[in-house]
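The values are calculated or read from the model by the stated rules, or taken from the named source; none is laboratory data. In this text the structure is predicted, and so the values were computed from the model without any measurement. Cβ sites come from the backbone with ideal geometry, for glycine too, and all protein chains shown count toward neighbours. Calculation scope for accessible area: heavy atoms of the full protein, side chains included, ligands and nucleic acids excluded. Shrake-Rupley method; radii C 1.70, N 1.55, O 1.52, S 1.80 Å.
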Amino acid sequence: MKHLLATTAILLTAGIASAEVTTTGTARMGIVDGFDSDAAFSSRFRVIFTASGESDTGFAFGATVRNDQSGVGNEANNDSSVYISGSFGKLSMGDVDGAAAAAVGQVSGVGYTGLSDLNEIAYLLGNEDTSILYEYATGDLGLYLSAQPNAGNNNYGLGASYKFGNYKVAIGYEKLEDGSTPGGGWPDKLGFSSFFGNGATQIVLGANATFGPVTAKVAFARYDEDNCTGCKMNQAALSVDYAVDALTVTGYYSNFRGVDTYEGDDGDYYGIGASYDLGGGAAVSGGYVRNGTDDTNAIDLGLTFSF
């Protein structure tokens, strides 16, 4: 740790060779018929500021922030992150993924709004508190390490991925100590009204494969709560994308299954959708999602833009 801090200090005090700030953005507009609400218009515009540079010693650095960034100080870094990178790898701090999420990722979703992102599995790390993520790639092997101090606890994650041809496999491990707050999306997607405050571990596995126009993705997570006998949860997700010319059709299935103490806390989600690339950064997208937990449906259709 002392060596890492010393290296970081040297890098940050090195001279600046060049720097650049760019502005990009995304926008969407359309109609959404929600799970338990009436149809309504829905639009959003985001401006994304990206700064990058390179020091005299040859390492790269940068930062990014969205226009809806909120919070001040060192603890709340919603939608903003800062990084340095070089032959030593990449070190990022702010609103960044945990190591498991960075290694494994998510299966594909549907809809121009994401329709509550029910395709996603819930990771323990990766909420709005300032986190640190280290990434190192050598050939087709990627290694990840993250830490997220939270409520005085030292939460951390590990991850690794390997690519060979049109295939990728990945594994991640997360450790959350007692009294910590889990990452965004937990526990809402899993049907819990609150997180119980016990520490927990989670092992996540994932794989991707591409066969011509078809891309398949799968993810599985095993959650095991500390100080609670039999408090376990399994999550699984699978998606298939079929792309031909400008059209991409996507379908997914995801679920969670309570084990032992949590037996009966189950949920199933289904989604199907399509996106058509209009060129120039514009696309028309739509999707349908079925929430099997409470037997509700949602559908959306709209335009998306990138600038």
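What to note about this one:
- Amide H partners (placed H, <5 Å) of V107, local residues excluded: I121
- Expressed as a whole percent, the accessible area of the stretch 208-307 that falls on carbon and sulfur atoms is 59 (1.4 Å probe).
- The HN-Hα couplings worked out from phi for the stretch 86-94 by the Karplus form 6.51 cos²θ - 1.76 cosθ + 1.60 (θ = phi - 60°) are x, 5, 7, x, 10, 10, 10, 9, x Hz, whole numbers, x standing for Gly and Pro.
- Potential extension, N297-D38 segment - 0.36 nm per residue separation minus Cα distance: 92.1 nm
- Given in Å, the Rg to one decimal and the Dmax to the nearest whole number for the Cα atoms of the stretch 189-307 are 17.9, 55.
- The label point for T24 and the one for T229, both projected 7 Å from the Cα toward the Cβ, are 5.3 nm apart.
- Accessible surface of Y167 - all protein chains present, 1.4 Å probe, nearest 10 Å²: 100 Å²
- HN-Hα J in Hz across the stretch 171-177 - Karplus 6.51, -1.76, 1.60, θ = phi - 60°, x for Gly and Pro: 9, x, 9, 10, 10, 10, 7
- Once the 1.4 Å probe is applied to the protein heavy atoms, the stretch 206-307 comes out at 48 Å² accessible per residue.
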